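So the structure is just underneath, and the comments pick up after that.
Each reported figure results from applying straightforward, stated rules to the coordinates on display, with no laboratory input. Not measured: the values here are computed from a predicted model. Neighbour counts run over all protein chains shown; Cβ positions are idealised from the backbone, glycine included.
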C-alpha cells in the first residue's frame, strides 16, 4: 500500500469519525433545544403576569383585572398530598414485596405495575370517576387524590424494587445472622440503606402527578373558590391553566402562562430536591 | 434436656473430655434439589476451634450455614437431619431459627458493616434491632466490651461515631466480629473470615481466635490449610459434600487416615 492511499484512507476514517460525532452532537442539541425554548418562552410570557397577588388571591371574575391562583396552588399541594398518602405506602410495600419476599405473585405484579405505568392517565381518571365520583355523587378532592394516587403506585413500586435490589444480599444475611427477624431486617437494614433511592423515586412520582391534568378534569374538577373539605371539588394548577388557556380572555390567558410557570417551578424544585438528596448518598450501594 | 443418642460416626470417638457443644447428626443439605451435603456426622467441642477445610464447592460454607439455620434463608434451599445444640435439636419442629441465630453467631467472608450506621451503632445493631432498649451506660459498656474482645477497641475508641464503612478491611472484619459478640452468642461460626484480608490482618484475626475460644465455641471455614493448621484444634475435611475425615488438627495434618485427605493437604488437588 502506497503512502498516499494510506493517507487518504486515514483522511476517510477521520472524516467519517467527525461526521458521526457531529451527528450525535446535533442530536444532543436537538434534545436540549425544546427544553430551553419552553423555559424561555414560559418565563417571558409568564413572568410579567406573576406578582405577589398571584400567590395570595383568588381568581377574579371575567373582566376584572388582577386576582391570582392561590386556591389552585394550595389545591395542587392538597391533591398531591392525598395522592402520596395512598401511593407512597402502597408503592413502597409492593416494591418491598416484589424484591424481598417475591412469592409467586411477583411476576404478575411486576407486569401489572409496568402496564399501569404506561396506562394513559385519562383512563385512570375515568376509573376514578366510576369508583369514587359516581358513588359519592360529586367531584371531590378525594377523587382527584385517588386518581393521582393510582398513577403514583406503580412508579413508586418499581423504583422501590430497583433500589432495594441494589442492597447487597450480604447485608441482609449479616442482620439475619444476628438473630434479627426478617421483618426488622427489611425495615431497618434494607429500607434504611436504600432510603435515599426510595425518596428519589417518591419525589419523582410526586413531580409526575403534580403535572397531571387529564385525570383531574372529571375527578377534582376545579373550583374558582377555596375548597372547604375533601368531598368538594378542588382547584389545581394544571386544570386552572387549561381552563384559562382555552378561554377567549386576554387577562386569563396571561394568568395561564403565570400558572404554567409556577407549576414548572414546583416540578423543577422537586427535581432539584432529588439531586440534593442523592448527592453522594447512594454510594454505600455501589 | 434431651439425652443424646450415641454418635454413629467412628470419627467422633475422639478421646477428649471436653463437652460437645454442637452435634451434627445425619445432616444433608440441598440447593434447589441438588445435594450439597450428604449425611454429615460431626461433633463440635465447646471452647475449641474446629476448622472445616476442603476444595471450593465441597460444601464447607453450606455446612457452617446449616449450623445456625442460615442455609434455608435463600429460596429453594433446605436441610434434613439434626443439629444438637446443648442437647436440643435446632431443626426440631417449632424451633424458631431467629432464636437459634442469637445463640449461634456468624461472621462472613466479606466484611459487612451496615453502611448507614456508625461504628458503635454497628456493634449494638443486633441488640437494638431485636428491640432491646439500651441505656447510655449499658450501651457504652457493651460497645467497649465487644470491641475489646474483637481486639479493635484501641484503634477505634476515639472515632466511635464515624461510619463503620470508614474502617480498613481488616478493621471492618473485626467490627463484624464485635457485632456478632455483642449479642452474646455461645458459638461463633466464621465463614472464611480472612479470605479478603492481607496477611497482617489475617494474623490478628487468628490471634483473636485463640483468645476467643476461651469463652466461645468456634467453627472456622477456611480454604487456607495453613490457617487451619495454625488456628484450629480439630479439623474436618469435606469433599464433594461428604465428610471424609475428622479429627485432631495435628493428626489430620501429620498423619491423615484417608488417602483423599493426604492428597488434598499435600496440594495434589483443590
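Odds and ends about this structure:
- Estimated purely from DSSP H runs of n ≥ 4, each contributing -39500 (n - 2.57), the mean residue ellipticity at 222 nm for the protein assembly as shown is -16000 deg cm²/dmol once divided by its residues.
- log10 of Debye I(q)/I(0), alpha-carbon scatterers only, for region A:3-49 at 0.25, 0.28 Å⁻¹: -0.84, -0.90
- Of the residues A:264, A:193, A:28, the one that moves most in a GNM of chain A with alpha-carbon contacts below 10 Å is A:28.
- For q = 0.07, 0.09, 0.10 Å⁻¹, Debye-computed log10 I/I(0) when each Cα of the protein assembly as shown counts as one equal scatterer: -0.62, -0.82, -0.90
- The ranking of A:88, A:133 from fewest to most other beta carbons within 10 Å of each one's beta carbon is A:88, A:133.
- Relative contact order (%) - criterion: Cα under 8 Å, at least six apart; region: chain B: 26
- The calculated FRET efficiency for residue B:130 paired with residue B:262, based on their beta-carbon distance and R0 = 45 Å, is about 0.45.
- FRET efficiency, residue B:89 to residue A:268 (Cβ-Cβ, R0 60 Å, nearest 0.05): 0.45
- Spacing of the modelled spin labels on residue A:85 and residue A:195, each 7 Å from Cα toward Cβ, amounts to 2.4 nm.
- Region B:19-265: translational diffusion in µm²/s, Stokes-Einstein, Kirkwood Rh over Cα pairs, 10 °C, 1.306 mPa s: 86
- Distance from the alpha carbon centroid of region A:174-194 to that of region B:14-79 works out to 25 angstrom.
- Theoretical gain in end-to-end length, residue A:162 to residue A:250 [0.36 nm per residue, Cα-Cα removed]: 27.0 nm
- The protein assembly as shown - share of DSSP beta bridges that are antiparallel (%, nearest 5): 60
- Here the simple spin-label model places points 7 Å from the Cα toward Cβ, and for residue A:77 and residue A:7 these points are separated by 7.1 nm.
- Gyration tensor over alpha-carbon atoms, chain A, equivalent ellipsoid semi-axes in Å: 39, 34, 17
- Antiparallel DSSP beta bridges within region B:19-265, percent to nearest 5: 60
- Rounded tilt (10° steps) of B:136-149 against the dominant C-alpha axis of chain B: 40
- Förster-model FRET efficiency, 35 Å R0, residue B:96 and residue B:269, C-beta, rounded to 0.05: 0.30
- Extension gain from residue A:39 to residue A:52, taking 0.36 nm per residue of separation minus the Cα-Cα distance: 2.6 nm
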